[in-house]
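Undergrad: I have a structure here, written as structure tokens, and I will follow up with some questions on it.
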Amino acid sequence: MKNEALIMSWRHEEQIAHIHGWDFSHIQDRYAEEDDLPWDYRQVIETCLTKQTRLLDLDTGGGEFLLSLDHPRRQMAATEEYPPNVALCRERLLPLGVDFRPASAMGPLPFPAESFDMVINRHADLCPQEISRVLKKDGVFVTQQVGAENDRALVELLLQPAPPIPFPNNRLKPVAEKFERAGFEILRGEEAFRPIRFWDVGALVWFARVIPWEFPGFSVDACLDRLLLAQQILERDGVISGTIHRFLLVARKK
């Protein structure tokens with residue numbers, strides 16, 4: 001009976017799993033990550049901002065982070081390509097005066113050359129040539145990226161055999177080298193591996209369903225034996241743990 005109730009609750013999490021903007025509040029008190037990175041992405045950006053900075057946020061999600069910055073709305077621009085988030089950005093950003101345009105972060109970006117003093121990008125695709133094109137000379141690019149090894153222990157827990165790493169080259173060194181070749185000076189580069197923790201299996205189910213590129217083919221029914229194993233780990237250790245992979249890159253256009 002206990003397992004039947006758990007499985008029903010997991011199937012409910014699977015059914016309701018969706019992403020609105022980039023909002024993980026549904027599992028906010030049931031998991032934790034990025035609470036001990038050795039840098040503060042917001043602080044890195046804010047140290048470079050002035051009220052005159054023309055700022056572009058690539059793959060803004062629903063604009064949540066961009067709007068949280070204390071920066072004039074008329075000096076902000078943003079792109080997003082995921083259709084539900086595009087609709088959200090049109091509803092949320094355009095009335096505030098933010099220059100929002102639907103587009104992929106891989107480009108082409110729908111802005112003239114040398115339009116921005118700063119481009120920011122958190123956990124989105126990168127095209128160094130397009131970023132260089134829209135930045136002014138001496139403009140700054142700041143990104144926090146999800147690295148290649150992200151969540152691999154969790155993937156291996158839920159999916160057997162584990163699928164290939166989806167973005168194997170997304171690591172600090174090769175990405176920094178791409179930006180150098182595109183005419184950037186690297187001002188700062190850091191890489192970190194930190195814990196991610198879940199305090200119930202349902203939260204892990206929801207998490208895996210909203211990031212299918214890391215957990216391809218995952219479903220409660222297809223992975224039921226692995227979820228029951230995760231439940232055993234939770235009951236034994238009080239937590240299900242994995243490791244996130246992040247890196248920070250700050251570069252200036254020469």
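The values are calculated or read from the model by the stated rules, or taken from the named source; none is laboratory data. Just so it is clear, the model here is predicted, and its values are computed rather than measured. We place every Cβ from the backbone using ideal geometry, glycine too, and count neighbours over all the protein chains shown.
Undergrad: Is one or more of the residues making up the range 60-69 modelled with pLDDT of 95 or more, over 19 Å from the mean Cα position of the chain (by Cα) and within 11 Å of ILE120 (Cβ to Cβ)?
TA: no
Undergrad: When you check PHE207 against the structure, is it part of a helix (DSSP H, G or I), under 21 Å from the mean Cα position of the chain (by Cα) and either farther than 26 Å from GLN43 by Cβ or of a type in the set (D, E, K, R) (or both), yes or no?
TA: Details: part of a helix (DSSP H, G or I): yes; under 21 Å from the mean Cα position of the chain (by Cα): yes; either farther than 26 Å from GLN43 by Cβ or of a type in the set (D, E, K, R) (or both): yes.
Here the answer is yes, as PHE207 does meet what is asked.
Undergrad: Tell me, which residue of the range 139-151 that is aliphatic (A, V, I, L, M) and not in a loop (DSSP other than H, G, I, E, B) is farthest from VAL44 (Cα to Cα)? Even if it seems obvious, please write down each step before you answer.
TA: Quick first cut of the range 139-151, residues aliphatic (A, V, I, L, M) only: 140, 142, 146, 148.
Narrowing the set further to residues that are not in a loop (DSSP other than H, G, I, E, B) leaves 140, 142, 146.
Working: VAL140: 11, VAL142: 8, VAL146: 17 Å.
By that ranking, first place goes to VAL146.
Undergrad: May I pose another question? Restricting attention to the range 69-99, and to residues there that are crowded, with 18+ Cβ neighbours inside 10 Å and touching a residue at least 40 places away in the same chain (Cβ under 8 Å), which single residue is farthest from GLU149 (Cα to Cα)?
TA: LEU88
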